[in-house]
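What follows is a set of notes on a single structure, which appears directly below.
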Amino acid sequence: MKMRLNLSLLLISTALSPVALANTSYPDGYYLEAEGLSGNALKDMLGVIAARGQKQLTYTQVWSALKDTNEDPNNPNNVILYYSGRSQSKDFTSSGNNDKNAWNREHLWPKSFGFKRKDQWGYTDIHHLQPTDAEINSIRSNKDFDFGGAPMKKSPLNKTDYDSFEPRDAVKGDTARSLFYMAVRYEGNNAKMPDLYLVDDTSSSSGQPKVGKLCTLLQWHNADPVDDWERNRHEKAVKWQGNRNPFIDNPSWVNDIYDSRCNG
């Protein structure tokens with residue numbers, strides 16, 4: 001039986017040395033229109049703000065972007081892989097390489113759930129793309145995120161079962177904020193994208209623009225707050241893509257929008 005737990009996470013410290021912090025300031029008034037809002041009104045306004053300045057990357061450019069955003073601060077020739085936490089050569093990718101230990105481009109919001117074409121902006125949005133071990137990426141596939149499952153042999157801090165995937169504690173909050181961003185940024189009115197939405201179950205299926213599990217993601221967001229690594233990565237992503245993830249800049253907005261759906 002899948003475990004349904006009240007969250008009490010012991011967050012695992014990463015082996016990374018302190019990263020050099022990027023300038024995390026944004027222009028005065030950047031979020032002015034969102035001040036004082038909550039619920040759906042806040043969600044809608046953040047969607048407008050999150051779209052501003054966004055540049056659509058090519059899928060080839062994503063390789064270069066991830067080599068920058070996820071660079072190992074201890075070794076500039078390597079990237080830190082998202083699920084495993086392993087430091088690996090930037091050049092050991094799955095591009096033209098079938099080695100299961102190579103790294104590839106993981107869509108945290110599976111592209112089969114709403115954007116299968118490369119001309120759709122979510123396909124190359126690096127706010128939810130991460131470098132991952134190819135084998136672990138394949139095992140995660142397009143499963144929803146939730147607690148439970150068996151530890152993975154290759155990377156036992158991650159767990160999986162037939163319908164869900166639980167990432168290691170150190171990236172639980174990062175995962176949640178990426179998905180909250182996607183659900184706010186893409187509401188079906190631009191970027192050749194459908195309205196992406198979060199559900200509180202693990203019943204997602206290919207072609208439907210939904211991902212779960214909402215209330216688990218909310219718990220992960222609250223238990224694993226934004227840290228220096230995530231903040232620094234965000235600033236690098238902004239330089240590549242031009243737009244911001246409002247839930248990294250202002251984490252309290254997640255609860256302002258979603259808390260009533262889980263704790264109402």
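Mind checking the full-extension length gain between N101 and K192? Use 0.36 nm per residue of separation minus the Cα-Cα distance, one decimal, nm. Could you put the intermediate results ahead of the total?
Numbers: separation 91, 0.36 × 91 = 32.76 nm, distance 3.35 nm.
Extending this stretch completely gives an extra 29.4 nm.
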Legend entry - Burial ordering of E35, E235, E166, E106, fewest other beta-carbon atoms within 10 Å first: E35, E235, E106, E166
Inset, instruction - Name the aspartates and glutamates eligible as straight-distance cross-link partners of K159: C-alpha to C-alpha under 18 Å, and not fewer than 8 places from it in the same chain. - result: E106, D133, E135, D144, D146, D169, D174, D201, D224
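Based on the inverse mean of 1/r over its pairs of different Cα atoms, what is the Kirkwood hydrodynamic radius of the stretch 37-263, in Å? Don't skip to the end; give the middle numbers.
Numbers: mean 1/r = 0.0571 Å⁻¹.
Kirkwood hydrodynamic radius for the stretch 37-263: 17.5 Å.
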Legend entry - Cα centroid of the stretch 103-144 to Cα centroid of the stretch 29-49, whole Å: 27
Inset, instruction - Would you work out the relative contact order for the chain, in percent, from Cα pairs under 8 angstrom that are 6 or more residues apart? - result: 25
Inset, instruction - Using a Gaussian network model of the chain whose springs link C-alpha atoms within less than 10 Å, name the residue from R177, R231, R117 with the highest mean-square fluctuation. - result: R117
Inset, instruction - Among the lysines, select those whose C-alpha is under 29 Å from the C-alpha of K154, and discard any that sit fewer than 8 residues away in the same chain. - result: K2, K67, K90, K100, K111, K116, K143, K172, K210, K213
Legend entry - Cα-projected label distance for D228 with S38, points at 7 Å along beta-carbon direction, nm: 3.5
Inset, instruction - Would you mind telling me which residue in Y197, Y181, Y30 has the biggest mean-square fluctuation in a Gaussian network model of the chain, where springs connect alpha carbons within a distance under 10 angstrom? - result: Y30
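Taken together, the values in this text are just the output of simple stated rules run on the coordinates, not laboratory data. Since we're looking at a predicted model, the values are computed, not measured. Glycine also receives a Cβ, built like all others from the backbone with ideal geometry; neighbour counts cover every protein chain displayed.
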